[in-house]
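Have a look at the structure below, then the notes.
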Amino acid sequence: MTYTLTLQDIAPVTHDTYQLTFNRPEDFEFEAGQATELTLQKEGWKAESRPFTMTSRPNDKHLEFVIKSYPDHDGVTEQIPTLGMTDQVKVADPFGAITDHGPGVFIAGGAGITPFISILRKQQEEGATGSRLIFANKTDKDIILQEMWQSMGGLETTFVVSDQDDTAHVKGKLDKTMLSQMVDDKEQPFYICGPSGMVDDVRTALKEIGVAEGRIYTEDGW
């Protein structure tokens, strides 16, 4: 089934990432962490659908997406900054491998943070505590919604920055050594989302430090 959404607001959250707010059809239901195939209703783009995660909570009255624009890809995300009020998109029924399995360790790379926005917002609304966010990016300016994460009660945050020497955050690449220093409880859920190579590397590292595969939930390709 497809649904037509009308853009109500668009605002930058980093130098290349935007928060888009749409109306929500009454019969569009989803779980925190799920995505949908989104198609711009602009000439030349109506046959180009791409998966994007809903970043609003399942009980919110609006639908929200946080989308990183890649101008060098010459694709759908390049068009995001050009959208204006009342522009429309079509979305399909939701899907996705990552949903809320309770408080745990959330490990994200870049735009892979998006499934965790809805899940951690939902957990905060429910009063759940004990989650930790480990968020890897190239530079400080790439950190999506940093202030929101730092203001969330009950959430411990660690930002890892690989390509900026003067960062105030943890400098380096997220690897087995770093994870072993950050992870004490290996019996909790571990959520991973990011580029495919990063997801594979982190999954392997977690297993090597003693996390059971059944406690690892992944989504890649971001």
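The values are calculated or read from the model by the stated rules, or taken from the named source; none is laboratory data. Everything quoted here is computed from the prediction, not taken from an experiment. Cβ atoms come from the backbone with ideal geometry, glycine included; neighbour counts cover every protein chain shown. Quick note on the areas: whole protein, heavy atoms, side chains included, nothing else; ligands and nucleic acids left out. Shrake-Rupley method; radii C 1.70, N 1.55, O 1.52, S 1.80 Å.
Could you list all residues from region 96-142 that are of a type in the set (S, T, N, Q) and touching a helix residue (DSSP H, G or I) at 6+ places or on another chain (Cβ under 7 Å)?
Passing the criteria: Ser131, Asn137.
Of these, Ile10, Ile67, which one is in contact (Cβ under 8 Å) with a residue 60 or more places away in the chain, of a type in the set (A, V, I, L, M) and in contact with a helix residue (DSSP H, G or I) (Cβ under 9 Å, 6 or more places away or on another chain)?
Working: Ile67 fails: in contact (Cβ under 8 Å) with a residue 60 or more places away in the chain.
Just one listed residue meets the conditions, Ile10.
Under the condition of being among the aliphatic types (A, V, I, L, M) and open to solvent by 20 Å² or more (accessible area, probe 1.4 Å), which residue from region 12-60 is farthest from Pro71 (Cα to Cα)? I'd like the intermediate steps shown before the answer.
Quick first cut of region 12-60, residues among the aliphatic types (A, V, I, L, M) only: 13, 20, 32, 35, 38, 40, 47, 54.
Narrowing the set further to residues that are open to solvent by 20 Å² or more (accessible area, probe 1.4 Å) leaves 13, 47.
Values: Val13: 16, Ala47: 19 Å.
Looking at the filtered set, the residue picked out is Ala47.
What tally of residues in region 72-102 results from selecting those that are outside any loop (DSSP other than H, G, I, E, B), in contact (Cβ under 8 Å) with a residue 12 or more places away in the chain and either surrounded by fewer than 13 Cβ atoms within 10 Å (Cβ to Cβ) or not charged (D, E, K, R) (or both)? It would help to see each step written out before you state the result.
Residues of region 72-102 outside any loop (DSSP other than H, G, I, E, B): 72-73, 76-82, 88-92, 95.
Those left that are additionally in contact (Cβ under 8 Å) with a residue 12 or more places away in the chain: 76-77, 79-81, 88-92, 95.
Narrowing further to those that are either surrounded by fewer than 13 Cβ atoms within 10 Å (Cβ to Cβ) or not charged (D, E, K, R) (or both): 76-77, 79-81, 88-89, 91-92, 95.
Within region 72-102, residues that are outside any loop (DSSP other than H, G, I, E, B), in contact (Cβ under 8 Å) with a residue 12 or more places away in the chain and either surrounded by fewer than 13 Cβ atoms within 10 Å (Cβ to Cβ) or not charged (D, E, K, R) (or both) number 10.
Quickly run through region 43-71 and pick out the residues that are aromatic (Phe, Trp, Tyr) and closer than 30 Å to Glu125 by Cβ. Break it down stepwise before answering.
Of all residues in region 43-71, those aromatic (Phe, Trp, Tyr) come to 45, 52, 65, 70.
Across region 43-71, the qualifying residues are Phe52, Phe65.
Return yes or no: is Asp220 over 15 Å from the mean Cα position of the chain (by Cα), among the charged types (D, E, K, R), modelled with pLDDT under 95 and closer than 19 Å to Gly104 by Cβ?
On the way: over 15 Å from the mean Cα position of the chain (by Cα): no; among the charged types (D, E, K, R): yes; modelled with pLDDT under 95: yes; closer than 19 Å to Gly104 by Cβ: yes.
For Asp220, the condition - over 15 Å from the mean Cα position of the chain (by Cα), among the charged types (D, E, K, R), modelled with pLDDT under 95 and closer than 19 Å to Gly104 by Cβ - is not met.
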